[in-house]
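Below: one structure, written as structure tokens.
The values are calculated or read from the model by the stated rules, or taken from the named source; none is laboratory data. Note that this is a predicted model, so its numbers are computed, not measured. Every residue, glycine as well, gets a Cβ built from its backbone with ideal geometry; the counts of neighbours run over all protein chains shown.
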Amino acid sequence: MKRTLIAANWKMHLNASQASLLLHRLHERIKIHRDIEVVLAPSSLVLQPMSMQIDRRKFRLAAQNGYHKDEGAFTGEVSFTMLKDLVHYAIIGHSERRMYFDESLEVVRDKVAAAVRNEITPILCVGETHQERTEGETKQVLHDQVTTALSDLTSEEVKDIVIAYEPIWAISTFGGEIAKPDDIRDAIAHIRKQVAELYSKKVADKVRVLYGGSVDDHTVGGYLAIDGCDGVLVGGASLNYHKFSGIVDVAYNLKHADGAS
Ligand code: 13P
């Protein structure tokens, strides 16, 4: 049985004291769940102090980014080698990085390889723009993003990674346009199909695929019920401890309603 993964992407929010306060409140509110994995991705500045404060039975840390070279004259960058003792996961290829920082398919591939080389599990983000969806290009976009990103990995390495399907047009729209369950199910199935074609069905079944895009405590149950969806990547709602702990509660209740331990 795969553990449901609930990941908080704090993006460029919360300085060290704000992050420490939110973590403190989450510690009080969230219980230890064997079948739910809760991952927090604060800014890289805050990873070091959070790693000292965190209860590792409750939470794991993720980086939001990293540089694909291990060390060298790359002013301003933080390598996965530097992150390896601090984090378990790294978000790679988020649409905001692809859009605002021009991360190409190849850069994302190199970052995925660098994370794996440094024993950090990638949470690879993929997803189409609104225009790509309306032009019927969603499957092609997902194909290109998945196949390029994984191209330097062995099947042994791929089976442990996480892929987050985040349709760009559904990110932070709360109350606006949201992705329909059928569309998400199809996209997740398509992502797994790409992995199965590159490696095997067995590997594709092991990979955890998440959904991300305007998830909150009211909508998370619907997303987690989608066939093939192993968790969620939460942006805005993860900054609010009521909402985020509510999301973890829903995930827990769903697991236990299924009869899982
Ligand atoms: P929102 O939950 O704010 O839509 O953000 C989703 C996201 O980008 C998570 O990585």
Checklist (1) modelled with pLDDT of 95 or more; (2) of a type in the set (A, V, I, L, M); (3) in a loop (DSSP other than H, G, I, E, B); (4) surrounded by 22 or more Cβ atoms within 10 Å (Cβ to Cβ) applied to LEU153, failing item: (4)
Of all residues in the range 221-235 being away from the ligand (no atom under 15 Å from the Cβ) and either in contact with a His (Cβ under 9 Å, 6 or more places away or on another chain) or of a type in the set (Gly, Ala, Ser) (or both), the one that is nearest to VAL250 (Cα to Cα): GLY221
Those residues of the range 155-175 which are within 16 Å of the ligand (Cβ to nearest atom) and free of Cβ contacts under 8 Å to residues at least 12 places away in the same chain, in sequence order: GLY175
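Test VAL141 against the criterion of being outside any loop (DSSP other than H, G, I, E, B), away from the ligand (no atom under 16 Å from the Cβ) and either of a type in the set (Phe, Trp, Tyr) or in contact with a Ser or Thr (Cβ under 9 Å, 6 or more places away or on another chain) (or both), and give yes or no.
Values: outside any loop (DSSP other than H, G, I, E, B): yes; away from the ligand (no atom under 16 Å from the Cβ): yes; either of a type in the set (Phe, Trp, Tyr) or in contact with a Ser or Thr (Cβ under 9 Å, 6 or more places away or on another chain) (or both): yes.
Criteria met by VAL141.
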Selected residue (only one of VAL203, VAL232 is at pLDDT 95 or above, under 24 Å from GLU103 (Cβ atoms) and buried (at least 18 other Cβ atoms within 10 Å of the Cβ)): VAL232
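Just for helices (runs of 4 or more DSSP H) wholly inside the range 1-94: which have at least 3 residues that are touching a helix residue (DSSP H, G or I) at 6+ places or on another chain (Cβ under 9 Å), under 21 Å from ASN240 (Cβ atoms) and away from the ligand (no atom under 16 Å from the Cβ)?
Numbers: elements: 16-29, 44-53, 80-83.
Hits in the range 1-94: 16-29, 44-53.
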